[in-house]
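Trainee: Sharing a structure below in structure tokens format, with a few things to ask.
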Amino acid sequence: MPRKYDLIAVAVCLAAVAAAAEPAPRVLRTAAEIAAEVTLPDAKPARVVFEGCVAYQDPMRSTFFADETGVTFIFGGTNPIVQPGDLVRVTGVAHQGVIIGGIKPEKIEVLGRGDPPPATPIGPADLATGRYHYHRVVLEGVIRGVAPAGDSAVVLMLSAAGKPARIEAEAAATEAPAAAARLIDARVRVTGFVVGNINDRRQVVDPYVRIKRLADVEVRQRRTYTCGELAAFGESSELVGETPGGQGCGSDSEGVSQLVEGLGGRIASVTVFARKPSTNA
């Protein structure tokens with residue numbers, strides 16, 4: 001009959017063999033590895049220890065990160081409020097996303113400040129491909145229209161090379177009411193983050209660029225009007241901006257700063273000069 005100590009020794013040996021047979025847990029450390037990870041519903045998720053920088057955080061605190069290999073994300077909730085360029089360490093497990101793999105965080109540490117991820121110059125045609133989903137981008141073009149979106153956002157319709165692109169400013173309603181209208185007909189440069197709706201086939205549809213505020217729109221050039229065009233506004237119109245060369249229409253003119261209704265019934269932000277009231281009796 002085996003002795004008690006012999007049975008214990010055998011059990012320890014069997015446990016050691018079983019432990020040696022188990023593969024070491026995988027640890028994902030780069031955005032590319034996390035984004036490419038497929039986590040099946042019944043599978044044990046891979047561990048994640050990620051260091052990178054914040055690319056964007058939406059109002060629900062879903063947060064997107066980047067490193068030199070790519071992008072990944074965590075869903076919103078109780079995540080700390082962060083800003084683009086914040087350096088972070090995220091510890092947790094892999095999470096199966098709709099388009100790319102993400103992180104189910106256990107711990108989020110803000111390590112310091114750095115530069116936001118580089119923004120890639122693109123055009124509306126590039127945006128439509130979905131290639132830049134969850135990336136920072138730069139677009140240049142002319143704002144052709146503005147419209148409210150929900151309680152606080154404003155949509156700017158940008159045109160570049162004859163093609164449209166949608167820009168959504170999250171907190172525009174908290175800014176000056178006329179700020180969005182003043183962008184119409186202006187040539188602008190916009191740096192933002194690409195998002196979009198996803199259909200049941202896991203395809204990106206209606207991609208667009210999100211920015212935090214209208215102040216993130218850099219105005220490169222405002223439209224100017226000729227004196228003949230300005231005559232269409234009528235004598236009682238309040239005008240804003242400047243005519244070509246910054247000259248007034250007429251010998252007696254002074255600068256004013258008002259918002260005007262542009263040609264064709266649109267709101268336009270122009271720079272013109274109104275004639276001074278006559279002082280003759």
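None of the figures in this text is laboratory data; all of them are computed from the coordinates on show. Note that the structure is a prediction, hence the values are computed from the model and not measured.
Trainee: Tell me, what HN-Hα J-couplings in whole Hz come from the Karplus equation 6.51 cos²θ - 1.76 cosθ + 1.60 at θ = phi - 60° for each residue of the stretch 98-113, using x for Gly and Pro?
Mentor: 7, 9, 10, x, x, 10, 9, x, 10, 8, 10, 10, 8, 8, x, 10
Trainee: Next question, about the same structure. Once you compute Rg and the Kirkwood Rh from C-alpha atoms, what is the Rg to Rh ratio for the stretch 54-123?
Mentor: Radius of gyration relative to Kirkwood radius: 0.95.
Trainee: What are the ³J(HN,Hα) values, in whole Hz, obtained from phi via the Karplus relation 6.51 cos²θ - 1.76 cosθ + 1.60 with θ = phi - 60°, for each residue of the stretch 144-160 in sequence order, with x given for Gly and Pro?
Mentor: 10, x, 9, 7, x, 9, x, 7, 10, 8, 10, 9, 10, 9, 9, 10, 9
Trainee: What list of ³J(HN,Hα) values in whole Hz, one per residue of the stretch 215-222 in order, does the Karplus curve 6.51 cos²θ - 1.76 cosθ + 1.60 (θ = phi - 60°) give from phi, with Gly and Pro shown as x?
Mentor: Here the 3J(HN,Hα) series is 5, 6, 8, 8, 7, 8, 6, 9 Hz.
Trainee: Normalised radius of gyration for the stretch 92-200, please: alpha carbon Rg relative to 2.2 N^0.38 Å, two decimal places.
Mentor: Against the empirical 2.2 N^0.38 Å value, I get 1.27 for the stretch 92-200.
Trainee: For the stretch 39-86, compute Rh as the Kirkwood radius over C-alpha pairs and then the Stokes-Einstein diffusion coefficient at 25 °C and 0.890 mPa s; write the answer in µm²/s, rounded to an integer.
Mentor: 206 µm²/s
Trainee: Follow-up. Amide H to amide H under 5 Å from GLY196: which residues, 5+ apart in sequence or cross-chain, H placed 1.01 Å off N in plane?
Mentor: HN-HN under 5 Å from GLY196: TYR208.
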